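One structure is given below, encoded as C-alpha cells.
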Amino acid sequence: MTHILSTPVNRIDGHDKVTGAATYAADFALADMTYGRLVTTAAARGRVTRIDTDAAMRVPGALHVLTHDNMPEIAALESFYAGGPLQSSFVPLTSTEIRYAGQPVALVVAETLEAAREAAARVAVTVEAEPANADIFAENAEAKPAPSPAPTDVGDADDVLSSAAVAIEADYTTPVQHHNPMELFSATAEWSEDDQLTLYTPSQWVKSVGFGVAAQLGIPAENVRVRSPYVGGAFGSKGSLSHHVTLTAIAARHVGRPVKLYVTRQQMYTVASFRPASQHTISLGAERDGTLTAFKHVQRAQTSRFDDVVHSGVATTTRMYRADAIHGHDELIPVDTNSPGFMRAPNEVPPMFAVESAVDELAEELGIDPVELRLKNDTDHDPVTGVPFSSRSLRQCLERGADLFGWHDRDAAIGSMRANDELIGYGVATATYPTMMMPSSARVRLDGEGRARVQVAAHDVGTGAYTAAAIVAAETLGLPVERIEVELGDSVLPAGPISGGSMTTAGMSSAIQKACRDVRDQVLAAAVAKDDGPLAGENVESLDVEDGVVRGSNGRSVSLPELVAAMPGGVAEVETGWHHPKLSQKKVDGFYQGNLAMAGPVTDSHAMFSFGAEFVEVRVNRHTRSIRVPRMVGVFAAGTIVNAKAAASQVEGGMIWGLSSALHEETVIDPATARFVNANVAEYLMPVNADIPEVTTEFVEEHDEIVNPLGIKGIGELGIVGTAAAVANAVRHATGVRLRSLPIRMEHLVTARQARR
Amino acid sequence: MQHFVWDRVDTLAEAAQHAARPGAAVVAGATTVSDLMKLGVLEPSRLVDITRIDGIDRIEETDDDIRFGALVRMADAAEHETLKIDYPALSEALWRAASPQLRNAARLGGNVLQRTRCPYFRDTDANCNKRKPGSGCSAIDGWAGMHAVLGTSEQCIALYPGDWAVALSAFDAEVEIIGPDGPRALPFEDLHRLPGDTPDEETTLGPAEIITAIRVAKTPRGRASTYHKVRDRESYAFAAASAAVAVELADDEVSDVRIALGGVATKPWRAREAEAALKGRRLTEDAAQRAGEAAFADAVTRQDNAWKVPLGIATVSEALMIAKARV
C-alpha cells in the first residue's frame, strides 16, 4: 500500500497563499461596508469621567461612537481560565472603569477607514487616573497563592534538600512578551434582517467565539456564524474571545451596516493577551554521582487584578526527571494590566528556561556533562503519580542530538573554546510538551469521481492543518491527496478542537480517520448488498481494500469511487465524532456546547508527553559581548508525524522563536505610568533573517497508540520550549556569566564583565 | 490624521517659497515625517515634496571633495564605488542603517535630520520637552534603557538614532543650505544642537531652510576608516553603540585620528578627548581601550542605560582595531 502519512507533502493551500487568493478574515469585502476604530486610554487605572464625541461626530463620514454611555447591556461571562470564552472577564465599555493602559474606551464607526481614524483621534476622553503598577518585579507587587492547581508533593523535598550531598538554588525571571502575529486582529460584523450575525475574525476557535458572542448578546447560538478560513499567525493571541469582536458586532447592529475593524499594531499590545512575566525559584539536590534526590520549583507569575490566569509550569517540570522528593507550587502576582493569556507553550517556555538552566548549573557544580546528567535522571514512569509514560524518547533525542551537533567536541572548561575574536559556547536543554487531546468531529463526503471533501471547524493558523486533514483522508480512503478538498475555519462546520495546546492535528485527524473509515464501510455495505454489483453477495469483512481499490474473494476488483457512483445519490457522506476514551461523556457533551474538554496529559493509567533535546552554539564577541548564534540542532519525539515537511517547519519555527525569546523579546514597562513602552515592531525586537542560523531538526521514530489511534502527539509548541535555556547555558559556557533573566543581551554581559574588573 | 496639502515643487526657489508658509514641512523620502504624522507627533498642514528638483540627486567628485546631493538615496550612496573603497565608514554607515526598503526611499538630506526614537517623544500621551516644550520628560522619570549618556540635559536625554551623520562627523564635512536669505554653508558639526534647555530645537537650520548637499573633504584617513555598529540583532536595528573611526599612522604612531559616536549621545558625537588620548601613541589594544574610556569620561548614566558606557568603550576600542587593519 502506498503511504502518504508521515511523508513530506507540500501545502495544499500554498498556491492560494502565495498568490493572494487565500481570504483572511479581513479580506472579505461586504457591500455597504463601514469601518471601525478603537479609542484606547493612556491611563492604567482609574475611571472615565467624560467622553466628548462631538468633535469626532463632526468628522465627515463619522457614523457612530460607541462608549460606556450608549453601550447596550451585555451578559457577563467568565474568562477563558475560569471556563468561559472571554480573553478577560473585565469587559471594556460596560462601565467607566479603567483597569489597564491601552484599554478600549470607545469604538468609532465611519464611512471610510481614514474617517474612522480621524474621528477616533478626536474623541476626547477625560479620566480620573490613579497610581498603577504593571511590573511584577516592582517592590509593591505582592504574590498570592494560585487558586489551582494544588501543590505537587512527593516526599519532603525540603528535608531531602537540606541533607543533599550537593544542592543548588536560584531564581530565574522572564519578561512580558507579546505574540506579534503578522496579521493584525480584526473583526468584520454583518447582521442580516432576521438577526443573523456573521463575524469574520481571525480565530483559533470559531465555535467558542460563536457561542461566546451569542451568549453576551443574548441571541441563540445558531444565529452567529464565525468565519476564519485563514489565520496569519496567532500563537495563542486569537484563541479566546477578545472584546473588540463583540464591540464590533454591537456597533454594526447600531449602524445597520457591516463594520470592519482593524486593531492597530500598537493596540495589539494591550487589547488582548500576552505572555505574563514570571519568576521561578528552583532548588535541586543530588548525589555526587548526579542522581537527583530533590526537585523543587516555585513559580510566581503575573496576572491581572480581575482574572486568575495560571500557567502552571510546575505540573510539567516536576515530570521531567526522576527524583526522590518533589515539590512544586504556583503563586500569582496581580498587577494593573489586561489579563495575560496563552502564548506558544505558555506553561512551558518560562518554567523550562528556569529548570533547564538550573539543571545545567547542577551539572557544572557536579562536574558532570550536561547531557549525561539529563540521561542519568531520565525515567519511564511519571515521577509524580508513578504511572508509566505512554511513550518517552528523551534519551533518543539527547543522544541523536548530541551526535548531530557534535556535542562530544565540547571542551567543558568555561571560555576555553575560541575563534578569532569570539568566545564559543555550546549549550543543551531539553524540551517537553504535554499531550492533550480534545474531541473533534468531522464530515467526510466521497463522490463517484473519486473526490472527497473533509469539513471540520478546526483552524489552519499557518501550521498546515488543511494539508494534515487532506493527508489523513487520503491515507484512509486510498486517494491521492490532490483529490481531497478541505474546509476549515467556519463555525457552521462540525465542531473541531481549539487551535491551542498543540491539539488540532491529533483531535481533527482522529475524527477524520474515523469518518473516512465509516464512509468506506458504508460504501462496502451498500456494494455487497447490491444484487447486480461486482461485489454482490460478498462478506464485508473478507473484502480487501488497498489504495482505494476493493478486491473481493471472487477475485474481482473495483475502485471505491466506482462503488460510490453506483450508490443512490452517487455520494457517501458521514459525520462523526471522536474523543479520547479517558474523557468523560459530560466533558464531551460540553465540548459540543463550545467548552474546553481535554484528555491528558496524565490519566489514571498513563502520562502522555512529547520530548525533545535542543543544542545551541553561541558566539560572543570578545570586546562588545554581542551574542550571535550560528547553529542550532533540535531532535524531537512526538509520536506519528503527519506531514514531515510541515512538521520540520513547525519545530524549526519554534526554535527560531525560542532564540528570539532568549535574545530579543521583552515588552518594556514604564515604571511611572504602567504602560508598555516599546509597543511597536521597531523597538520590540524580533530576529531578522540574518540572525537566524543553520537550524537542523529531526524527529525520532515513536509509536504510541495510547494517545490516539494514529499515534499523534502534537508539535505546535514543542520546538520553542528548550531553546532559551540552551542559549543561556551556551552563554555561560562561553563567558562564565550565568544569566538567569530573559532576554539575554550583550548589555548584561558587558555589565557583568565590568563588574568583575 | 488631519488633512494636509501635498506640494510638489520643481525648483529650489519654489521649494524655499513653499517651505516658508505656515505649517509647512519639507519632505523627500518622508520616511520619518510620515511615520510621525501617523503617530500624531507631527501635524504639518503642508508637505513640500522636493523629490522632483533637478540637480541635487547626484554624487559629484572633485580632487578636493565629494559632494552628496540631498536627494541621493541612501541605498545608492552606500553602493558608491569611491565610498566603498576610499571611505568605507561612509558606506558602512549607510548600508548598516534601517532596512533595504527604507534605504531605497530615504534621501541623504533628510537622513541627517532623522528624529529620535525615544518612545516618549513618539507617544503623544507621554511628557516630552522635545515634542511639547515645558511638558517634562517621561524618560527621566521612566524607562531610559535606550537613552543617551553623552550630551544630555535636565530637560532631555533622547538619543540621536542615526548612523550616517555619525560617520560624517568623523570627517571634515559641510552642509549646503538654501533659505529665504539665499544659500549658505555650515560645518556639519554645527548642524545638530545639544538639547540643553531647548530640546525641541534639534538643528541650527532656520524654519524655511533646506539642505541641498553635504560636502566631505577628501582625506587619506578615509581608507583606514570604519563605521562599527553594535546592536542586538544583525540588521534593521538602531545602534546600541556605534563608532565611526578614521586613523592615520606615521611610524606606527597615530598621527591623526577621528572618532565619532552613535547610539550613545543626544547628537552625532565627536569624541575629541578620545582622539587626544591616542595622538602620538602606538595604536595597541590597550591604547584603544583607554581612548574608549576617555570618550565616556563625562558620561551621565541612569540605572537603565549604564551599560552603554562599557559597551561604548568596547565599541570604540574594537572600531579602532578594525580601522588600524585598513591602514
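Any read-out appearing in this document is the output of simple, stated calculations on the displayed coordinates, not a laboratory observation. Computed from a predicted structure; not experimentally measured. Glycine gets a Cβ as well: all are built from the backbone with ideal geometry, and neighbour counts include every protein chain shown.
Worth pointing out:
- Ratio Rg/Rh, restricted to the stretch A:228-381 and using Cα atoms, in which Rh is the Kirkwood radius: 1.16
- Convex hull (Cα only) mean projected area of the stretch A:621-725, reported in nm² to one decimal: 9.6 nm²
- Separation between Cα centres of the stretch A:584-639 and the stretch A:231-301, rounded to whole Å: 16 Å
- The percentage of C-alpha pairs in the stretch A:390-519 whose separation is greater than 27 Å is 44%.
- D by Stokes-Einstein for the stretch B:154-278, Kirkwood Rh over Cα pairs, 37 °C, 0.692 mPa s: 208 µm²/s.
- Axial C-alpha extent at least 20 Å, average Kyte-Doolittle at least 0.0 - helices from chain A (DSSP): A:349-366, A:504-529, A:644-663
- Approximate spin-label separation residue A:703-residue B:184, in nm, with each point projected 7 Å along Cα-to-Cβ: 8.6 nm
- Mean projection area, nm², convex hull over Cα of the stretch A:1-110: 13.1 nm²
- 10 Å binning of all Cα-Cα separations within the stretch B:1-94, expressed as whole percents from 0 upward: 15, 37, 28, 17, 2
- Likely footprinting exposure, A:414, A:744, A:368, fewest C-beta neighbours within 10 Å first: A:414, A:368, A:744
- Lys, Arg +1 and Asp, Glu -1 on Cβ, resulting dipole of the stretch A:1-132 about Cα centre, debye, nearest 20: 300 debye
- Mean-position separation - Cα centroids, the stretch B:247-321 and the stretch B:165-199, in angstrom: 23 Å
- The radius of gyration of the Cα set in the stretch A:174-221, together with its Dmax, comes out at 14.2, 50 angstrom.
- Residue among A:440, A:429, A:268 farthest towards the positive dipole end of the protein assembly as shown, charges placed on Cβ: A:268
- Within straight-line cross-link reach of residue A:238, aspartates and glutamates at Cα separation under 14 Å, skipping those fewer than 8 residues along the same chain: A:183, A:460
- When the alpha-carbon atoms of the stretch B:241-324 are used, the pair Rg, Dmax equals 12.1, 43 angstrom.
- As a ratio to 2.2 N^0.38 Å, the alpha-carbon radius of gyration for the stretch A:529-688 is 1.83.
- The stretch B:254-327 - charge dipole about Cα centre, Lys and Arg +1 at Cβ, Asp and Glu -1, debye rounded to 20: 240 debye
- In this structure, the amide hydrogen of residue A:696, modeled 1.01 Å from its nitrogen in the peptide plane, lies closer than 5 angstrom to those of A:632, A:633, A:634, counting only residues at least 5 positions away or on a different chain.
- Reciprocal mean inverse distance between Cα atoms of the stretch B:128-194 - Kirkwood radius, Å: 14.2 Å
- Calculated P(r) tail over 28 Å for the stretch A:33-191, as whole % of Cα pairs: 43 percent
- Dimensions (Å) - the stretch A:688-745, Cα atoms, principal axes, largest first: 47, 26, 17
- In this structure, residue A:375 and residue B:125 have a Cβ-Cβ separation that, at R0 = 60 Å, corresponds to a calculated FRET efficiency of about 0.65.
- The stretch A:432-466 and the stretch B:61-132: distance between their alpha carbon centers, rounded to Å: 51 Å
- Once the C-beta distance of residue B:284 and residue A:288 is scaled by a Förster radius of 60 Å, the resulting FRET efficiency is 0.80 to the nearest 0.05.
- Chain B: angle of helix B:308-325 to the longest principal axis, Cα-based, in degrees nearest 10: 70 degrees
- For the stretch A:388-451, the C-alpha radius of gyration divided by 2.2 N^0.38 Å, with N the number of residues, is 2.14.
- Residue A:34 long-range amide H proximity, modeled H, under 5 Å: A:259, A:260
- When only alpha carbons of chain B are considered, Rg and Dmax amount to 19.3, 63 Å.
- Evaluated on the stretch A:45-105, the Kirkwood hydrodynamic radius is 13.4 Å, with distances taken between all distinct Cα atoms.
- Shown here: the stretch A:601-671, whose C-alpha atoms stretch 53, 35, 20 Å along the first, second and third principal axes, sorted largest to smallest.
- Volume per residue that the Cα convex hull of the stretch B:227-287 spans, once the total is divided by residue count, Å³: 94 Å³
- Chain B - mean residue ellipticity at 222 nm from DSSP helices (-39,500 (n - 2.57) per run, n ≥ 4, rounded to 500): -7000 deg cm²/dmol
- Hull volume in cubic angstrom per residue (convex hull over the Cα atoms of the stretch B:11-158): 149 Å³
- Along the axis of the charge dipole computed for the stretch A:137-211 (Cβ charges of +1 for Lys and Arg, -1 for Asp and Glu, origin at the Cα centre), the listed residues A:176, A:199, A:143 are led at the positive end by A:199.
- P(r), alpha carbons of the stretch B:68-145 - 5 Å bins starting at zero, rounded %: 3, 15, 20, 15, 10, 12, 12, 9, 4, 1
- Amide H contacts of residue A:381: A:389, each under 5 Å away and 5 or more positions distant or on a separate chain (H built 1.01 Å from N in the peptide plane; Pro and chain starts excluded).
- Each residue in A:137, A:615, B:188, A:353 was given a count of other beta-carbon atoms within 10 angstrom of its own, and listing them fewest first yields A:137, B:188, A:615, A:353.
- The HN-Hα couplings worked out from phi for the stretch B:255-262 by the Karplus form 6.51 cos²θ - 1.76 cosθ + 1.60 (θ = phi - 60°) are 8, 8, 7, 10, 9, 10, 10, x Hz, whole numbers, x standing for Gly and Pro.
- For the stretch A:163-262, the equivalent ellipsoid derived from the alpha-carbon gyration tensor has semi-axes of 39, 15, 11 Å in decreasing order.
- Percent RCO, i.e. relative contact order, over chain A, from Cα pairs under 8 Å lying at least 6 residues apart: 16 percent
- A Förster radius of 30 Å combined with the Cβ-Cβ distance from residue A:584 to residue A:29 puts the calculated FRET efficiency at roughly 0.10.
- Overall shape of the stretch A:87-165 was characterised from the C-alpha gyration tensor. The equivalent ellipsoid obtained from it has semi-axes of 48, 16, 12 Å, in decreasing order.
- Based on DSSP H segments of at least four residues, each scored -39500 (n - 2.57), chain A has a per-residue ellipticity at 222 nm of -7500 deg cm²/dmol.
- Overall, the ratio between the Cα radius of gyration of the stretch A:524-567 and 2.2 N^0.38 Å, rounded to two decimals, is 0.97.
- Per residue convex hull volume, Cα atoms of the protein assembly as shown, in Å³: 184 Å³
- Where labels lie 7 Å past Cα in the beta-carbon direction, separation of residue A:253 and residue B:193 in nm: 5.6 nm
- Counted without the sites themselves, the longest stretch of chain A free of GluC sites (Glu not before Pro) in a DSSP loop having at most 14 other beta carbon atoms within 10 Å is A:450-700.
- Taking A:417, A:438, A:268 and counting other C-beta atoms within 10 Å, the order from fewest to most: A:417, A:268, A:438
- Relative contact order of the stretch A:34-152, pairs being alpha-carbon contacts under 8 Å that are 6 or more residues apart, as %: 44 percent
- Summarised as an ellipsoid, the stretch A:462-505 has semi-axes of 20, 12, 9 Å, derived from the eigenvalues of the Cα gyration tensor scaled by 5 and square-rooted, with the largest first.
- Phi angles of the stretch B:210-223 translate, via the Karplus equation with coefficients 6.51, -1.76, 1.60 and θ = phi - 60°, into HN-Hα couplings of 10, 6, 10, 7, 10, 10, 10, 5, 5, 8, x, 4, x, 5 Hz per residue; Gly and Pro are given as x.
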